[in-house]
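The values are calculated or read from the model by the stated rules, or taken from the named source; none is laboratory data. Fair warning: this is a prediction, and the values are worked out from it, not measured in the lab. FYI the Cβ positions are ideal-geometry reconstructions off the backbone, even for glycines, and counts take in every protein chain you see. All accessible areas refer to the heavy atoms of the entire protein, side chains included, with ligands and DNA or RNA removed. Shrake-Rupley method; radii C 1.70, N 1.55, O 1.52, S 1.80 Å.
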Amino acid sequence: MDLIAGVDEAGRGSLAGPVVAAAVILPKNHKIPGLKDSKKLSKKKREELYPLIFEKAISVGIGEIDEKTIDRINIRKATFKAMQIALGKLTPRPDKALIDGEQLPSQIIPNIGIIGGDNIEDTIKAASIVAKVTRDRIMKEYSIIFPEYGFENHSGYGTKKHIDALDKFKSSPIHRQSFRPVQIR
């Protein structure tokens, strides 16, 4: 039986905080009901599925790249790096990886990119949920340190409330300085 990992990220378009990737290997008949792209699930449903994925998965790996590294190497390279870290944490090592979006360059594990894969492959759907919940929890912790930005509500994405807070308070140490909405404040 081939072990196939699904890989996805969360936080690529955020103005603050890390980009988080997850890699998940599910058994063929995992019986996890309701897997979908994390963006198509309520926060409550993602939180319900998160422990179930860990319980049923053969392996789960998580990779995180901080905002300073994102600013230094760019978000695309940071996303690839987070995905490579997540894949590297899987035990056993998968035979193949299915990546949401582009194929990973310079990767030991054979992989293919699937545009919209988080709507097609259960392993990618599961990775999408793990990455999103993990990142949302990180941003909720940051909201304790930086309450003025409302990270617990928007996870650092460019909502009106977040942009208004940037206008009023300027950027925090976890804001991505290379992102235009942050640069101009």
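A few points about this structure:
- Any chance residue 70 is under 17 Å from the mean Cα position of the chain (by Cα), open to solvent by 30 Å² or more (accessible area, probe 1.4 Å) and either modelled with pLDDT of 95 or more or of a type in the set (Lys, Arg) (or both): no
- Checklist (1) of a type outside the set (Lys, Arg); (2) within 30 Å of residue 169 (Cβ to Cβ); (3) exposed (fewer than 14 other Cβ atoms within 10 Å of the Cβ) applied to residue 17, failing item: (3)
- Inter-residue pairs, beta-carbon under 8 Å, first closer than 24 Å to residue 38 by Cβ and in region 140-169, second open to solvent by less than 70 Å² (accessible area, probe 1.4 Å) and charged (D, E, K, R), 6+ apart: 155/135; 155/136
- Test: residue in region 42-54 that is modelled with pLDDT of 95 or more, over 19 Å from residue 138 (Cα atoms) and either assigned to a strand (DSSP E or B) or open to solvent by 70 Å² or more (accessible area, probe 1.4 Å) (or both): no
- Selected residue (only one of 122, 167 is acidic (Asp, Glu), within 29 Å of residue 23 (Cβ to Cβ) and open to solvent by less than 80 Å² (accessible area, probe 1.4 Å)): 122
- Filter pass, residue 108 being over 14 Å from the mean Cα position of the chain (by Cα) and without any contact (Cβ under 8 Å) to a residue 40 or more places away in the chain: yes
- Residues of region 14-40 satisfying the condition of being part of a loop (DSSP other than H, G, I, E, B) and either closer than 10 Å to residue 133 by Cβ or of a type in the set (Lys, Arg) (or both): 28, 31, 36
- Restricting attention to region 117-141, the residues being among the basic types (Lys, Arg), closer than 25 Å to residue 66 by Cβ and more than 11 Å from the chain's Cα centre (by Cα) number 2.
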